Amino acid sequence: MNIEHYKEKLEAEKATLESEMGKMGRKNPGIPNDWEPIPSGGDMKADVMDQADVISGNESNETIFNDLEARYDAVLVALSRIEKNTYGVCEVCGSLIEEVRLSANSAATTCVVHV
């Protein structure tokens, strides 16, 4: 298994995720590697329908942001596993994770049997 290939792939994904999260949030200054969504502005003095649109948009953005952050956390874990020489090993049974699985999801932590 070419670990360096997966490390490069994970680093690129990490950069992409940071860029995407940066559009909707910011790094949490109090917690390393943590991000927090930034609610979109909006004039809360506007009419009720406009306020509802802003709130609905914030909820939608927060859902997307949370999905991005979950993926970001998985990438960080995978990069940490590379450093610990445990990358590509199923966390459940200890067997090697199939390369086809790692190609599809380089942050995978289990083999196909334990998905």
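Each value in this text was obtained by applying a stated rule to the coordinates, not by laboratory testing. If you're wondering where the values come from, they're calculated on a predicted model, not measured in any experiment. Methodologically, a virtual Cβ is constructed for each residue, glycine included, from the backbone with ideal geometry; neighbour enumeration extends over all protein chains shown.
Please report the net charge: other residues with Cβ closer than 14 Å to the Cβ of Gly22, K and R +1, D and E -1. Write down the numbers at each step before the final one.
Working: positive: Lys14, Lys23, Arg26, Lys27; negative: Glu18, Glu20, Asp34, Glu36, Glu69.
Result for the local shell: -1.
Quick query: amide H of Trp35 versus all other amide H atoms, modeled in the peptide plane; which residues come in under 5 Å with a sequence gap of 5 or more or a different chain?
Asn28
5 Å is the cut-off here: which amide hydrogens, built 1.01 Å from N in the peptide plane, fall below it relative to Glu91, excluding neighbours closer than 5 in sequence?
For Glu91, the qualifying residues are Thr110, Cys111.
Which value in nm describes the separation of the simple spin-label points at Ser95 and Asp67, placed 7 Å from the Cα toward the beta carbon?
Rounded to a tenth, the inter-label distance reads 3.1 nm.
Rounded to whole Hz and in sequence order, give me ³J(HN,Hα) for segment 101-112 from the Karplus expression 6.51 cos²θ - 1.76 cosθ + 1.60, θ = phi - 60°, writing x for Gly and Pro.
5, 5, 5, 7, 8, 5, 9, 4, 10, 9, 6, 5
Between Glu36 and Asn85, what is 0.36 nm times their sequence separation minus the Cα-Cα distance? Round to one decimal in nm. Numbers along the way, then the final one.
Numbers: separation 49, 0.36 × 49 = 17.64 nm, distance 3.04 nm.
Computed gain between Glu36 and Asn85 is 14.6 nm.
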